[in-house]
Amino acid sequence: MSNKVKYFRELLGFTQSKLSDLTGISQPMLSQIEKGERNTSDINKIKISKSLKKSVGDIFFTSNDCEVQ
């Protein structure tokens, strides 16, 4: 699953460790989420979004996710 966690995290100057502290999600799990190696729960998506001051849609959905095939 593609996402923009790393983009918005770096935009705010946060390290993975800082985002981990803010969300309560382990740093290794955040790394996997950023790389698209791991899906995460809706609750974690909300925690990440609130910490990055963005909507869940801004971070976890791309225009490719909405294409009709």
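The values are calculated or read from the model by the stated rules, or taken from the named source; none is laboratory data. As the structure is a computational prediction, the values presented were derived from the model and not from experiment. Using ideal geometry, Cβ is built from the backbone for each residue, glycine included, and neighbour counts are taken over all protein chains shown. Only protein heavy atoms, including side chains, enter the accessible area calculation; ligands, DNA and RNA are left aside. Shrake-Rupley method; radii C 1.70, N 1.55, O 1.52, S 1.80 Å.
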All-but-one check, Q27 against (1) open to solvent by less than 60 Å² (accessible area, probe 1.4 Å); (2) more than 16 Å from K53 (Cβ to Cβ); (3) touching a helix residue (DSSP H, G or I) at 6+ places or on another chain (Cβ under 8 Å), failing number (1)
In this structure, is K47 within 11 Å of V5 (Cα to Cα), open to solvent by 70 Å² or more (accessible area, probe 1.4 Å) and either more than 10 Å from the chain's Cα centre (by Cα) or not polar (S, T, N, Q) (or both)? no
Please report, ordered by residue number, the helices (runs of 4 or more DSSP H) entirely within segment 23-62 with at least 2 residues that are of a type in the set (S, T, N, Q). 27-34, 42-52
Take the residues of segment 1-22 that are part of a loop (DSSP other than H, G, I, E, B) and of a type in the set (G, A, S): which is modelled with the lowest pLDDT? S2
